[in-house]
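Peer 1: Please see the structure below; I have some questions.
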Amino acid sequence: MALPKLSTSPKYEITIPSTGEKTYFRPYLVREERVLLIASESGDEHQISKAAIDVIKACVDKDINDNDITTYDMEYLFCHIRAKSVGETSKMVITCTSPECDHSSEVNIPLEKVEVDTKNMPDAMIKMTDNIFIEMKHMTYFDILNNKHLAESSDETEQIYHSVITSIKSIKTDEEIISAKDETYEDLVEFVNSLSIPQFAKLQDFVLNSPQIALPFEWTCEVCKSENAVELRGILDFF
């Protein structure tokens, strides 16, 4: 005898931030939540990211390509899927910011108010010299999960350095356009190492100011009654 299906999942419309394309998603189910819980218990950022992508691919109608989904697409889609799956708020423990108080309060974060912060997003076409420009791209989670330098390093400086290299899309001169995907990673490392400090700083600025999910949040400490304000940013703040 076939077991009954207890419910059918509703569909919700959502816009993919990087493309403006509209699609639909359903809440995640027990099988997908188990994937998320196992990843969360590992504490490993890469495993958490991979689990979130797997859940998005299962729940979103549009075919999601690991090569194309940007980090902020993934973060935005995941937060909205989670909001419809387990409730529009998520309980988090946040420590009071008052210097006289270190009490940690459990607060409810409104997940559906999460947006993508693009306020300080730099231009992707960056001038190096009068006749050399570097075109940058926002990293995808495929870039992150498949770059051993990013996966193996926990040092922030090294993470930023390799993120810069991974974010190069092309190098443009008066004579040609050189696609980064046609070059070896070692050649790109050599190229970046040849830049001046101010030139590298321009590329670093692009990486550091790439879009992220963000949510300004205010709450009152239940002990000292002081008003607190924080800005939650990035997937780990909402996972």
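Read-outs throughout are calculated quantities, based only on the coordinates presented, and are distinct from any laboratory measurement. Note that this is a predicted model, so its numbers are computed, not measured. Every residue, glycine among them, receives a Cβ derived from its backbone with ideal geometry; neighbour counts consider all protein chains shown.
Peer 1: Distance check, please: which entries in Lys119/Lys202; Lys22/Lys84; Lys119/Lys172; Lys50/Lys172 exceed 22 angstrom between their Cα atoms?
Peer 2: Values: Lys119/Lys202 17 Å; Lys22/Lys84 17 Å; Lys119/Lys172 27 Å; Lys50/Lys172 33 Å.
Exceeds cut-off: Lys119/Lys172; Lys50/Lys172.
Peer 1: Apply the Karplus parameterisation 6.51 cos²θ - 1.76 cosθ + 1.60, with θ equal to phi minus 60°, to every residue of segment 106-117 and state each ³J(HN,Hα) to the nearest whole Hz, in sequence, with x for glycine and proline.
Peer 2: Each residue of segment 106-117 in turn: 8, 10, 9, 9, x, 4, 6, 8, 5, 10, 8, 8 Hz.
Peer 1: Given the options Leu150, Thr184, Met136, identify the residue whose Cα lies farthest towards the positive end of the charge dipole of segment 125-208 (+1 on Cβ of Lys, Arg; -1 on Cβ of Asp, Glu).
Peer 2: After comparing all options, I get Met136.
Peer 1: Still on this structure: With everything on Cα atoms, drop me the angle between helix 156-166 and the longest principal axis of the chain, reported from 0 to 90° to the nearest 10.
Peer 2: 70
Peer 1: With the Cα gyration tensor of segment 125-208 giving a ≥ b ≥ c as the square roots of its eigenvalues, does the rule (a/c under 1.5 for rounded; else a/b larger than b/c for prolate; else oblate) give rounded, prolate or oblate?
Peer 2: The shape class here is prolate.
Peer 1: Still on this structure, please answer the following. With a cap of 13 neighbouring Cβ atoms within 10 Å, and only residues DSSP puts in a loop, list the trypsin sites (Lys or Arg not before Pro) found in segment 187-236.
Peer 2: Within segment 187-236, the qualifying trypsin sites (Lys or Arg not before Pro) (loop, at most 13 other Cβ atoms within 10 Å) are Lys225.
Peer 1: At what distance in angstrom do the alpha carbon centres of segment 186-239 and segment 19-64 lie from each other?
Peer 2: Spelled out, the Cα-based centre of one part sits 22 Å from the other.
Peer 1: Whole-Hz ³J(HN,Hα) for each residue in segment 56-69, computed from phi via Karplus 6.51 cos²θ - 1.76 cosθ + 1.60 with θ = phi - 60°, x for glycine and proline: what do you get?
Peer 2: So the J values, rounded to whole Hz, are 4, 5, 6, 9, 8, 5, 5, 5, 9, 9, 4, 6, 10, 6.
Peer 1: Short version: ³J(HN,Hα) in whole Hz for each residue of segment 26-40, in order, from phi by Karplus 6.51 cos²θ - 1.76 cosθ + 1.60 (θ = phi - 60°), x for Gly and Pro, what are they?
Peer 2: 10, x, 7, 9, 4, 4, 7, 5, 4, 4, 5, 5, 5, 5, 4
Peer 1: Any chance you could run the full-extension gain for Lys91 through Glu218? It's 0.36 nm times the residue separation minus the Cα-Cα distance, nm to one decimal. It would help to have the intermediate numbers written out before the result.
Peer 2: Details: separation 127, 0.36 × 127 = 45.72 nm, distance 1.41 nm.
Between Lys91 and Glu218, full extension yields an extra 44.3 nm.
Peer 1: Let me ask something else about it. Return the distance in nm (one decimal) between the two label points of a simple spin-label model at Ala229 and Leu37, each offset 7 Å from Cα along Cα→Cβ.
Peer 2: Output for this residue pair reads 3.8 nm.
Peer 1: Kindly express, to the nearest 10 degrees and within the range 0 to 90, the angle between helix 197-208's C-alpha long axis and the longest C-alpha principal axis of the chain.
Peer 2: Compared with the principal axis, the helix lies near 20 degrees.
Peer 1: If you filter segment 85-142 for trypsin sites (Lys or Arg not before Pro), then keep DSSP loop positions with at most 11 other Cβ within 10 Å, what is left? The partial results should precede the final answer.
Peer 2: Working: sites: Lys91, Lys113, Lys119, Lys127, Lys137; in loops: Lys119, Lys137.
Within segment 85-142, the qualifying trypsin sites (Lys or Arg not before Pro) (loop, at most 11 other Cβ atoms within 10 Å) are Lys119.
Peer 1: Starting from segment 22-51, pick out the GluC sites (Glu not before Pro) whose DSSP state is loop and whose Cβ has at most 14 other Cβ atoms within 10 Å. Present the calculation step by step, with values, prior to reporting the outcome.
Peer 2: Numbers: sites: Glu32, Glu33, Glu41, Glu45; in loops: none.
Passing sites in segment 22-51 do not exist.
Peer 1: Principal axes first, then extents: for the Cα atoms of the chain, list largest minus smallest coordinate on each axis, whole Å, largest first.
Peer 2: 64, 61, 32
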